[in-house]
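Throughout, read-outs are computed from the coordinates displayed, never taken from laboratory work. Just so you know, these numbers come straight off a predicted model, no measurement behind them. Every residue, glycine among them, receives a Cβ derived from its backbone with ideal geometry; neighbour counts consider all protein chains shown.
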Amino acid sequence: MLALALYHYSARGYSLLSKFLILPSKSSLCMWVQGVNIQPGLSDHMCSILNCRFSSLPKIHKLAVLCIDEMSIKRNLFYCTRTDDIKGFEQYGPDDKRRTAATGVLVFFLRGLTANWKQPLSYHFISGSCDAKIVKKLLFEILDKVQELGIQIVAVISDQGSNFLKLHSLLSITNDKPYILHNDCKIFFLFDPPHLLKSLRNNFLKYSVIWDENKTSWKHIENFYNIDSRQQYRLARKLTMTHIHPQRLSRMKVKFAAQIFSASVAAGIAVHCQHKSLPAEALATAELCSRMNSLFDAMNSSHLKTPNQWQRAISEESGHIEFLHLNIQWLTSLKIFDSVKNKFVTNNVKCIQGWIKTINCVIQLFPYLREKFDLKFLMTRRLNQDCLENFFGVIRTKGGCSDNPTAVQFVNHFKRACCTSLLLQVTTGNTAPDDDQMLINLKSSLSLSKNLHKQPTAMHKVSNLSNVNVSDFTIRSMPEQNAFVYVCGYLLKKLLAVHSCETCSVLKQNELDFGSGDYISLKNYHDSALSVPSINFTMYVSRCENLFHAFFKENRHLPGIGDKILKILQKVDKPVHCQQFPQTYLLRLFIRVRIHYILRFENRSNCQQKNFKKKVAKLQSK
Ligand SMILES: [Zn+2]
């Protein structure tokens, strides 16, 4: 850990020193960080590692923005034999595991306000959308811990998810007071501007935006595109059909919204109006595009010097504050009209209020930062959650474009991202702040070790029960009773392989003489050379099976689940009077086989249900 701190103090100094001293290489530092057990929640251990990273930063670079967002994951339970517990349950902290399977993950992500660093902080497995009260509790835990690291969070950024809206009202966030006081420091709450822009575009697709005498319509944009796209020299080169009719994936990309609300579309429509190829009322739509373009520039500024006034960082003389005030006035006067239902729906459209709240926040945030931390300028691009969105994006693309990762895969990605950003040197804010070094590193390291992100079967290998391969039996297609005897036979075969004696040989029989059932599988026994179990042995396993089920159903989320079941099953009388009977070995094997089988079955049926629902939805939409 000392080495890590030293490394962060100065990378060049570190490499110089390592010539004279025995220091771990950068790759072994990386290995060490990856070996750290990162559980749901922000652990003290993680904090002490973060402390190493942040302690060398100058005070001004310790100002930070906290991003919160959710992502859905595939419902999938996985039994890890090494740690003897099942992964993939709803879990908020190391000791707060629930019985329901997780369907999503809530992530806290930290980002420098004045310097170019980012750090994944914690993740929490959730079921459905995370309740606002729980988000609030987790948020305060994190605020406290992060403050102990000397990091000063000045803003919290989320999208307009209903639980985050509720969080704002739980914290009594209002337009007049868009912050909370936490240990004498103000923490501002705002929405992610790229989300707001997309949300406005989505509403504009359906409704018309009206203010004063101006009535806008998506039709104008569509008509403009139809004329423009046929011209040899186009006014808005970037527009495509995807912009005009965004589908599911393209709706999620900010680019397609930003290029609609752009200066070139605004100017293009205006030119056509002048030449009467578009009606005069389309000018209102041009103005909407132009206004939103400038507003988004001002909320996404990343340069100190650039010809575009609003793209410059906010400073005392930049004129942004007056400009933003004017925008609030304009946004307040907006009305949203649904021409299909022929009524106003202004109050149903959340994003207008979201814009007003967020702009208002920035107006109050800058003077506060100037006074309290002597900040000369503010780059508003730091006030969005792009870093977190990109992080999610990388994870999603790794699983194929439509596939969400499982909980285990997510944890692997998260660890890797943590590791990469922990070892990333901080650069100051004057360079382009969007060079996502961490993610580039992340991408390359991900592709190097793709197999790690498949279902981590590698874990079996470290287990002390590794001589058992669960997949070497196939009991799916047989009737249940046969299947059960088959499993018993499998267990017996494994048992006799590690121990055999005169007494224990009675567990095995050469003919199947009990039950007159028509055992189709009889042939299979001889084919695969499985031992035929005696009645005693079958009854023994059956008793274990009943106890196993009774306990597993209610307690499967507990840590050390295998050991807990083992303690119970050890009380069952042994099937033979042999001192050397390897009972523990047998029971461990039985437990592993059963857990793997139940989870695999459950995961598969979840998957099928989901696919079925998808198919139904598809049919209905036709
Ligand atoms: Zn024996």
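Listing for the model above:
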read-out: Neighbour-count ranking [beta-carbon atoms within 10 angstrom, fewest first] of 95, 386, 297; value: 95, 297, 386
read-out: Percentage, to the nearest whole number, of Cα pairs in region 196-358 over 21 Å apart; value: 49
read-out: Entries of 493/610; 74/553; 494/610; 118/372 with Cα pairs more than 28 Å apart; value: 493/610; 494/610
read-out: 22 Å Cα-Cα threshold exceeded, pairs from 219/341; 238/341; 136/186; 59/186; value: 238/341
read-out: Exposure proxy order (Cβ contacts within 10 Å, fewest to most) of 371, 316; value: 371, 316
read-out: Sorted by Cβ neighbour density within 10 Å, fewest at the top, the residues 220, 168; value: 168, 220
read-out: Net charge dipole size for region 196-358 [Lys, Arg +1 and Asp, Glu -1 on Cβ; Debye, nearest 20]; value: 820
